[in-house]
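Novice: Below is one structure. I have some questions about it.
The values are calculated or read from the model by the stated rules, or taken from the named source; none is laboratory data. Bear in mind that the values here come from a model prediction, so they are computed numbers and not experimental data. Please note: Cβ atoms are built from the backbone with ideal geometry, for glycine as well, and neighbour counts cover all protein chains shown. Keep in mind that these areas ignore ligands, DNA and RNA; they rest on the heavy atoms of the full protein, side chains included. Shrake-Rupley method; radii C 1.70, N 1.55, O 1.52, S 1.80 Å.
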Amino acid sequence: PTPMEVSMQNPQEDAGIPDQNGGVTVDSAPSPILPQDKVLVSVEVSLKPSSTARANDVQSAVERMLEKRSLSYSDGPVPVPLDDRFLTENVQSICICDTDEWVQNHEILLFWQVKPVVHVFQLSEEGACEDISGDGQPSTFNEWILPAKEFDGMWESLIYESGLKQRLLRYAASALLFTEKGVNPFLVSWNRIVLLHGPPGTGKTSLCKALAQKLSIRFNSRYPQCQLIEVNAHSLFSKWFSESGKLVAKLFSKIQEMVEEENNLVFVLIDFLQFRITFYLSLIHSDQIIHSSVVNALLTQLDKLKSAPNVIILTTSNITAAIDIAFVDRADIKAYVGPPTLQARYEILRSCLHELIRTGILSHLEDCESMLPNFASLKEKLNIPEVQDAQTPLHLCKQLFETAEACEGLSGRSLRKLPFLAHAALANPYGCDPSKFLSTMTDTARRERSEL
Ligand code: ADP
């Protein structure tokens, strides 16, 4: 639609949108008084590792740039304008986020409907550091300074339907905002424990890490420092099992120290499936009582920790055993993460193909976007009377659709490995034609499924 049509459509509805759909961003900054008809859209600006520019200066420069740009908004990168020296010197990338839901419902989001909320950040390149206690014990956790280079792009690479990622982001953002504003927990109750549950390989752990990364970027004006602690459940039940209670206490006193610094935002990630497996395995070797005390110690510590305003506890599980019930009860934000649907499988494989084309492993496609359209446009295309010729663009996306169908039952993790397995099965692995590659991938998928 033209801009005029959009504005004429339903001014009433538009006025309420920032809250309903446009809750796309919940910023920690005091909420600005917004013109009622604007949608908040996050714009994430990554600084170059070498940049020493002040975040505020970059933010203003990007805001000015966006004002001049006068285009429509959709998720994805915005080129850094070459004629802006300050930005080209300091900025690595600019990315528009969270417009997907809006665009799906309303088709288009024009610049004058948008209030961009610019978040400037610099990725930490430090990598994971282990807890080195020096006394020969295995480390009880890994720590990352967020936002970390390792997790860059992870959020975008995870594909789910039905707005799961947005919902999680909004829940967590609301929880932080309630804390920030000092909402009395006796009057309104909420907590900051997230539980993702579902079968293995559906991206739960990755989603937790990616969520922590996102929140560290979105809340960096309130919390300039941010860490992710991944608890190493195996280490809590080591062969020094009699020390286990002490290990849990030590781990949490370290976390408590981080939390005491009020400008720190701390994410604690615990994989309860790993925890439970280790728990049962260690039972074989020793005494139930000792091990139950480890579980209790962990629960007590989690309870203590959850009262801190600047901590978010992220947990993953497949909830099949009673031991999890205690954990599950504690979580406010629970989400089931299931195996990828047909649409998600299509999109995951499509992103794999794009990557192989980008890197030259598959031969270049003249017009990649129309040859491999996204799922929504594919459905429209498939309604066009079929053209069987293998050379037509339609053939390729149809083939991809068939591969996605053949992958029913495979987890996201297996899907992301499939192109690699298919490539290894090719007779001629150099500059392969995408169509041939897709049929090898379908065969590989069938083989993988038969081995399930
Ligand atoms: P889980 O914790 O559920 O066992 P992981 O987070 O270890 O799963 O997932 C492993 C990998 O599988 C991820 O890093 C990602 O590459 C891939 N993956 C799983 N689910 C998806 C998905 N829905 N979309 C994209 N990639 C996925």
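Novice: Looking at the stretch 83-99, which of the residues that are surrounded by 15 or more Cβ atoms within 10 Å (Cβ to Cβ) and of a type in the set (D, E, K, R) is modelled with the lowest pLDDT?
Specialist: Filtering first and then ranking leaves Asp98.
Novice: Could you tell me whether the stretch 294-314 includes any residue that is modelled with pLDDT under 80, within 16 Å of the ligand (Cβ to nearest atom) and in the same structural domain as Gly182 (by TED's automatic domain parsing)?
Specialist: no
Novice: From (1) open to solvent by less than 10 Å² (accessible area, probe 1.4 Å); (2) in a loop (DSSP other than H, G, I, E, B), pick out the condition that doesn't hold for Pro49.
Specialist: All conditions pass for Pro49, except number (1).
Novice: Let me ask something else. Quick one: count up the residues across the stretch 217-237 that are open to solvent by less than 20 Å² (accessible area, probe 1.4 Å) and under 12 Å from Ala173 (Cβ atoms).
Specialist: Result for the stretch 217-237: 3.
Novice: So, one more: Asn191 fails exactly one of the following numbered conditions: (1) over 29 Å from Leu123 (Cα atoms); (2) surrounded by fewer than 20 Cβ atoms within 10 Å (Cβ to Cβ). What is the number of that condition?
Specialist: The number of the failed condition is (1).
Novice: Among the residues of the stretch 241-279, what is the count of those that are exposed (fewer than 13 other Cβ atoms within 10 Å of the Cβ) and at pLDDT below 75?
Specialist: Residues in the stretch 241-279 being exposed (fewer than 13 other Cβ atoms within 10 Å of the Cβ) and at pLDDT below 75: 1 in total.
Novice: Looking only at residues that are in contact with a Leu (Cβ under 7 Å, 6 or more places away or on another chain) and at pLDDT below 90 in the stretch 418-434, which one is farthest from Leu349 (Cα to Cα)?
Specialist: Top of the filtered list is Cys432.
Novice: What number of residues within the stretch 397-420 are open to solvent by less than 60 Å² (accessible area, probe 1.4 Å), part of a helix (DSSP H, G or I) and within 15 Å of the ligand (Cβ to nearest atom)? Lay out the reasoning, then the answer.
Specialist: The first filter runs over the stretch 397-420 and keeps only residues open to solvent by less than 60 Å² (accessible area, probe 1.4 Å), leaving 397, 399-401, 403-404, 406-407, 409-412, 414-415, 418-419.
Filter again for part of a helix (DSSP H, G or I), leaving 397, 399-401, 403-404, 406, 412, 414-415, 418-419.
Those still in the list that are within 15 Å of the ligand (Cβ to nearest atom) too: 404, 412, 414-415, 418-419.
The total comes to 6.
For (1) closer than 15 Å to Leu123 by Cα; (2) in contact with an Asp or Glu (Cβ under 9 Å, 6 or more places away or on another chain), each residue gets a yes or a no:
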| residue | (1), (2) |
| --- | --- |
| Lys48 | yes, yes |
| Asn56 | no, no |
| Val62 | no, no |
| Lys68 | no, no |
| Ser72 | no, no |
| Asp75 | no, yes |
| Leu82 | no, no |
| Leu87 | no, no |
| Ile94 | yes, yes |
